[in-house]
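These notes concern the structure reproduced below.
FYI, it's all coordinate maths here, none of it is from the lab. Nothing here was measured: the structure is a model prediction, and the numbers come from that model. Every residue, glycine as well, gets a Cβ built from its backbone with ideal geometry; the counts of neighbours run over all protein chains shown.
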Amino acid sequence: MCKPSKAIFEAAQKRAAQLTKKPVLRELPKYWNDYFGGRYNPEFEVPTGIAPEELRELTARLTTYPEDFHIHPKVKKLLEQRAEMGTGKKPLDYGMAEALAFASLVKQGIPVRLSGQDSRRATFNQRHSC
């Protein structure tokens, strides 16, 4: 088998560098011309943050359990880690952020309904909040 020469590779590279490439969908098809904007309107934005003190309060309520309750060691460790997250000692993970979001909504009187097969099985992090 013949080994290609360096000159062949350099010539191919030079030709490739001169090609004009057009990324896919750089321009949308013409039938999109009549569509502008969308339903998003910045005026609909509302502040959703809560104060750090409230996060600490919610964290305490989410991570404590009665002293006479025999808690599973893995769940105990999870709650200890979440307590550190909620007090700023560790970064929040998705599960703790989700729990704090649910807790802040419920505290404001906004009902939270979990639906779907995964929620029914408690596949996600809310299973530790029950």
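Among the lysines of region 1-66, pairs at least eight places apart or on separate chains and with Cα atoms under 24 Å apart come to 5.
In sequence order, region 106-114 has phi-based couplings of 4, 4, 7, x, 8, x, 10, 10, 9 Hz under the Karplus curve 6.51 cos²θ - 1.76 cosθ + 1.60, θ = phi - 60°, and Gly or Pro positions carry x. Straightening the chain between K30 and Q13 buys 2.6 nm, computed as 0.36 nm per residue apart minus the Cα-Cα spacing.
Each residue of region 51-63 was assigned a 3J(HN,Hα) from its phi angle through the Karplus curve 6.51 cos²θ - 1.76 cosθ + 1.60 (θ = phi - 60°); the sequence is 5, x, 4, 5, 4, 5, 5, 5, 4, 4, 6, 7, 10 Hz, with glycine and proline shown as x. Peptides 35-42, 87-94, 55-62, 5-12 ordered by packing proxy, namely the average of other Cβ atoms within 10 Å per residue, highest first: 55-62, 87-94, 5-12, 35-42.
Evaluated at 20 °C with a viscosity of 1.002 mPa s, what Stokes-Einstein diffusion coefficient in µm²/s does region 1-84 have when Rh comes from the Kirkwood expression over alpha-carbon pairs?
Here the translational diffusion coefficient equals 101 µm²/s.
In whole angstrom, how far apart do the alpha carbon centroids of region 2-21 and region 41-97 sit? If you average the Cα positions of each part, the centres end up 58 Å apart.
Under the simplified labelling scheme, the T20-E98 pair shows an inter-label distance of 4.9 nm, with each label point 7 Å from Cα along Cα→Cβ. For D93, no residue whose modelled amide H falls within less than 5 Å of its own remains once neighbours fewer than 5 places apart on the same chain are excluded. Computed from phi, the 3J(HN,Hα) profile of region 28-34 under the Karplus parametrisation 6.51, -1.76, 1.60 (θ = phi - 60°) reads 6, x, 4, 5, 8, 4, 7 Hz, with x in place of Gly and Pro.
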